[in-house]
1. Being surrounded by 10 or more Cβ atoms within 10 Å (Cβ to Cβ) and assigned to a helix (DSSP H, G or I): is that true of residue 52 here?
2. Scan the stretch 19-50 for residues that are of a type outside the set (S, T, N, Q) and in contact with a helix residue (DSSP H, G or I) (Cβ under 6 Å, 6 or more places away or on another chain) and jot them down.
3. If the requirement is being part of a loop (DSSP other than H, G, I, E, B) and modelled with pLDDT of 95 or more, which of these qualifies: 35, 21?
Amino acid sequence: MKYKIRLEETDEGFAVWCPGLPGCWSQGETEEEALENIKDAIKTYLETVEILLKDKQTRMVEVPI
């Protein structure tokens with residue numbers, strides 16, 4: 001999967017977040033570290049969503065872009 005992210009340099013390194021996944025953010029001392037950290041944050045976010053939806057009725061829809 002591919003997700004759009006925002007990456008901004010800060011006084012402490014780099015802040016990074018995924019606008020499509022509210023609350024999904026991370027940081028790193030370097031750009032490379034921040035990118036690896038957001039990958040882990042996205043994975044954890046999606047795993048948490050699956051846990052929260054377990055045993056709930058859900059559906060999939062396809063949205064053409």
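The values are calculated or read from the model by the stated rules, or taken from the named source; none is laboratory data. Just so it is clear, the structure is predicted and the values come from calculations on it, not from any experiment. Because the Cβ atoms are built from the backbone with ideal geometry, glycine has one as well, and the counts that use them run over all protein chains shown.
1. no
2. 21, 24, 28
3. On inspection, the qualifying residue turns out to be 21.
Conditions tested, residue by residue: (1) over 18 Å from residue 4 (Cβ atoms); (2) of a type in the set (D, E, K, R); (3) at pLDDT below 95.
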| position | (1), (2), (3) |
| --- | --- |
| 42 | no, no, no |
| 47 | yes, yes, no |
| 51 | yes, no, no |
| 65 | no, no, yes |
